[in-house]
Amino acid sequence: MRLIAEKATKQFIRNRQGSNVLTAVSETDLVLKEGTLTVLSGPSGSGKSTLLNMMAGLLPPDKGRILLDDTDLYSLDDAALSKLRNRHIGVIPQGQTALYALSVIENVMAPSILYQKPKGKDYEETFKYAGELLDRAGIADLSDVMPSELSGGEIRRMAVCRAMLLKPGIILADEPTGDLDEENTGTVMELLKDHVKAGGSVMVVTHDIQVRDYADILMEMKQGVIYPQ
């Protein structure tokens, strides 16, 4: 499974008259191939998160296309796009994201119940895998804890587990190590690297220099333009 940006462009109008236009992403071509971990670095405001959100099916490009294999994401209606993203694209958003009415394990399990709650053996296997992810992330002992009782770094690791639950072909991670110390950064990156070894693909948007050591492909973004490293 490959995620492809073809001439993807995004602009934002910054005044009512429309005379001040920011080009956040300039005609970008990018292919996320199976079995690769791509790290995209660059200064704040360079367009990294905008590009990630376009590739995640969360922000339509003004021009160009985003393809998952042969499927143009933005040719789909909202319901179909949401279902495709749930199954095939795991997104780790920037910041601390959690459903605060649910426990840690329930947060991680959430993607599995959006469209059809697993039953019987399927539920048992999904629940077991959720527990395994939490264990590998170092927070298995917090599975029954509510997010309000977690640190920022623990919430971040929970979000990583949630994105990986359905074993999507693609994982897009926006600053996934932002709240983590060196040890837990390594833990998260090893999780993502294992996903790649299993045949998936990962793109990490980051300022974290340590993350670059895990990359198969290094790129930098400046003023909306990607440069290979």
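Just the Cα atoms of region 74-189, one point each, no solvent: what log10 I(q)/I(0) does Debye give at q = 0.15 Å⁻¹?
Normalising to I(0) and taking log10 leaves -0.64.
Of the candidates Leu32, Leu172, Leu150, which one comes out as most mobile in a Gaussian network treatment of the chain with C-alpha springs shorter than 10 Å?
Comparing Leu32, Leu172, Leu150 in a Gaussian network model of the chain, the most mobile one is Leu150.
Go ahead and set up a Gaussian network model of the chain, Cα springs under 10 Å, then flag whichever of Asp179, Asp216, Asp70 fluctuates most.
Maximum among the listed residues: Asp70.
Roughly speaking, to the nearest percent, how much of region 169-222's 1.4 Å accessible area is carbon and sulfur? Walk me through the numbers on the way to the answer.
Values: 950 of 2130 Å².
Looking at region 169-222 in its full context, I get 44 percent from C and S.
For region 1-50, state which GluC sites (Glu not before Pro) are in a DSSP loop and have at most 16 other beta carbons lying within 10 Å of their beta carbon. Intermediate results must be reported in sequence, preceding the final value.
Details: sites: Glu6, Glu27, Glu34; in loops: Glu34.
Counting only loop positions with at most 16 other Cβ atoms within 10 Å, the GluC sites (Glu not before Pro) in region 1-50 are Glu34.
Compute the whole-percent fraction of alpha carbon pairs in region 161-229 spaced more than 20 Å apart. Don't skip to the answer; put the middle values down first.
On the way: 671 of 2346 pairs.
For region 161-229, the share of Cα pairs beyond 20 Å comes to 29 percent.
When the accessible area of region 35-99 is split by element with a 1.4 Å probe, what percent falls to carbon and sulfur? The partial results should precede the final answer.
On the way: 1390 of 2900 Å².
Heavy-atom surface of region 35-99 belonging to carbon and sulfur, 1.4 Å probe: 48 percent.
Return the lysines within reach of Lys167: Cα separation strictly under 21 angstrom, same-chain partners fewer than 8 residues apart disregarded; answer none if there are no such residues.
Lys33, Lys83, Lys117, Lys119, Lys121, Lys128, Lys193, Lys197
Accessible area per residue of region 106-229 at 1.4 Å probe, in Å²? The partial results should precede the final answer.
Values: 6010 Å² over 124 residues.
Heavy-atom SASA per residue in region 106-229 reads 48 Å².
Which three lengths, in whole Å and largest first, does region 135-181 cover when its Cα atoms are put on their principal axes?
Between the extreme Cα coordinates on each principal axis of region 135-181 lie 31, 21, 17 Å.
When only DSSP loop residues count, what trypsin sites (Lys or Arg not before Pro) in region 42-147 have their Cβ near at most 13 other Cβ atoms within 10 Å?
On the way: sites: Lys48, Lys63, Arg65, Lys83, Arg85, Arg87, Lys119, Lys121, Lys128, Arg136; in loops: Lys119.
Counting only loop positions with at most 13 other Cβ atoms within 10 Å, the trypsin sites (Lys or Arg not before Pro) in region 42-147 are Lys119.
Once you mark the chymotrypsin sites (Phe, Trp or Tyr not before Pro) that are in a DSSP loop and have at most 14 other Cβ atoms within 10 Å, what is the longest gap between them in the chain?
Numbers: sites that count: Tyr100, Tyr115.
The answer is 116-229.
For a quick check: with amide H placed at 1.01 Å from N, whose amide H comes under 5 Å from Ala24's, ignoring anything fewer than 5 positions away on the same chain?
Lys10, Gln11, Phe12
Take the alpha-carbon centre of region 140-191, take the same for region 37-73, and report the distance between them in whole Å.
Measuring centre to centre over Cα atoms gives 22 Å.
For region 18-84, go through all pairs of different Cα atoms, get the mean of 1/r, take its inverse, and jot down that Kirkwood value in Å.
Details: mean 1/r = 0.0739 Å⁻¹.
The answer is 13.5 Å.
Strictly greater than 23 Å: what percent of every Cα pair in region 1-121 meets that? Please list the in-between numbers first.
Values: 3107 of 7260 pairs.
When all Cα pairs of region 1-121 are counted, 43 percent exceed 23 Å.
In region 101-229, what % of DSSP beta bridges are antiparallel (nearest 5)?
Working: 4 of 9 bridges.
Here the share of antiparallel DSSP bridges comes out near 45 percent.
The values are calculated or read from the model by the stated rules, or taken from the named source; none is laboratory data. Here the structure is a predicted model, which is why all the values come from computation and not from measurement. We place every Cβ from the backbone using ideal geometry, glycine too, and count neighbours over all the protein chains shown. Surface areas here come from the heavy atoms of the whole protein model, side chains and all, with no ligands, DNA or RNA. Shrake-Rupley method; radii C 1.70, N 1.55, O 1.52, S 1.80 Å.
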